[in-house]
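Only one structure is covered here, and it is reproduced in the block below.
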Amino acid sequence: MILLRLTWLSLLNRKATLLLILASISISVFLLLAVDMVRHQVKDSFSSTVSGTDLVVGARSGQINLLLYSVFRIGNATNNISWQSYQEISKHPKVDWSIPLSLGDSHKGYRVLGTSQTYFTHYRYGKKQNLDFAKGKPFAGLFDVVLGAEVAKALNYKLGDSIVIAHGMGNAALVEHGDKPFVVSGILKPTGTPVDRTLHVSLEAIEAIHVDWKAGTKIPGLNISAEQALGMDLKPKQITAFMLGLKSRLSVFHLQRSINNYRSEPLQAILPGLALQELWQMFSLAEKALMFVSALVALSSFIGLLALMLTSLNERRREMAILRSVGARPMHILLLLVIESSLLTCLSVLFGVALLYLSLGTLSPWIQSEWGFRLIVQPLTLWQWQLLGILMLAGSCVGVIPGIRAYKQSLIDGMAIRL
């Protein structure tokens, strides 16, 4: 206890310099933990986006591209799928349910998804959780729209509000379907997935807003009103992709092979789990690079601590001599410096962890609104505790080197400084 008190008083005597080292190590601890926590939570967020879906089917491209645009609403499809092909595959004896997906329009930067009622019945996320409504109900009328939780919150929409969908995706220079406005019929509860950032309408509604369009442009001189569209045949001609749930998971590879060899048009069926693994393999190098950079930052901070302690030894020789004069032994001088570096590291770890949770609590809403990832404030994992343990051990080892040097100096100096 006496050594600990002496160490604390010594640190207070040099607080200006040591505060800089404390800040440096705290930031390195924060970076190391933040990178590890964010990469794990991003993985969990992606993995929980869809569950219970056996196959995702789209136009033939790469399985990662298909996964990104159909599940995560990132990127665009290389081609569409005919409605006839979708119906034929969805009626396969091994298929239990199917969810059609039609993408291509947006509203103020948020994607619009055309689908059917089966989306609200069979779509699962997380640990096979159902989509639940915070308010309202699924679309029933032709121009009803169901909003994801983030869309409703960010744009301050409520039930009964009118919404105009724009042709294409993005925020700028989009042509709006202003003659066919939609009415909010329901708002979904938050899911922490791309569902929160999506507007959901029926497939027939997607056809209705494009009845006077061709090849992505409005037909000059042709104006079909919303009332006229209600009386038209709005059976979809094409969709972007669809999800399948099978009666038995044992038949998933057989049906996948059958779809991949589909003769009517080039299709591709992917297993979401395998596609996600391939996606993580692509990013594994970036993950390792981020962890390596964070480790280098921590290493540089400890090197800075070591340099500071070594350079201050000559200035502290009088302090050591005074301690010797009151009965301190050379071993006590060594322990004093080891305790000093350990105490600094401990304080840095505490401040680093506090900075991490403060940042998570403050920045999580902004990160979710900007990037769509929900960062949850949760306890440190076993691996993260091990990381902190390694940092504490490294901090103690840093104090050994100047401690040994001070030990030798105190043996030479005795109770008087020898220059």
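Would you mind putting 291-298, 226-233 in packing order, based on average other-beta-carbon counts within 10 Å, highest first?
291-298, 226-233
A 19 angstrom limit on the alpha carbon distance is what I want to check against. Which of Lys91/Lys127; Lys91/Lys237; Lys137/Lys158; Lys214/Lys235; Lys43/Lys247 exceed it?
Lys91/Lys127; Lys43/Lys247
I need the peptides 376-386, 143-153 ranked by packing, meaning the mean over residues of other C-beta atoms within 10 angstrom, with the highest value on top.
143-153, 376-386
Taking H placed 1.01 Å from N in the peptide plane, check which residues at least 5 places from Lys189 or on another chain put their amide H under 5 Å from its amide H.
It is Asp132, Phe133, Ala134, by chain and number.
Considering only the other residues whose Cβ falls under 10 Å of the Cβ of Asp212, what net charge follows from Lys and Arg at +1 and Asp and Glu at -1?
+2
Placing unit charges on C-beta atoms (Lys and Arg positive, Asp and Glu negative, everything else neutral), compute the dipole magnitude of region 55-270 about its Cα centre in debye, rounded to 20.
Using only the charged Cβ atoms, the result is roughly 880 debye.
Name the residue farthest towards the positive end of the dipole of region 55-270 from the options Leu103, Leu255, Gly148, assuming +1 on Cβ of Lys and Arg, -1 on Cβ of Asp and Glu, about the Cα centre.
Leu255
Quick one: Glu340, Glu204, fewest Cβ neighbours within 10 Å first, how do they rank?
Glu204, Glu340
Where the Cα atoms of region 55-270 are projected onto their three principal axes, how long is each span, largest first, in whole Å?
46, 40, 32
Sorting His40, His177 on the 10 Å Cβ count, fewest up front, what's the list?
His40, His177
Among Thr217, Thr17, which comes first, second and so on when ranked by fewest other beta-carbon atoms within 10 Å?
Result, fewest neighbours first: Thr217, Thr17.
Arranged from highest to lowest average of other beta-carbon atoms within 10 Å per residue, in what order do the peptides 187-200, 351-364 appear?
Output ranking for 187-200, 351-364: 187-200, 351-364.
Looking at region 55-270 only, what percent of DSSP beta bridges run antiparallel? Nearest 5 please.
Bridges in region 55-270 that DSSP calls antiparallel: roughly 80 percent.
Taken together, the values in this text are just the output of simple stated rules run on the coordinates, not laboratory data. Worth saying up front: this structure is predicted, and the values here are computed from it rather than measured. When we count neighbours, we look across all protein chains shown, and the Cβ atoms used for this are built from the backbone with ideal geometry, even at glycine.
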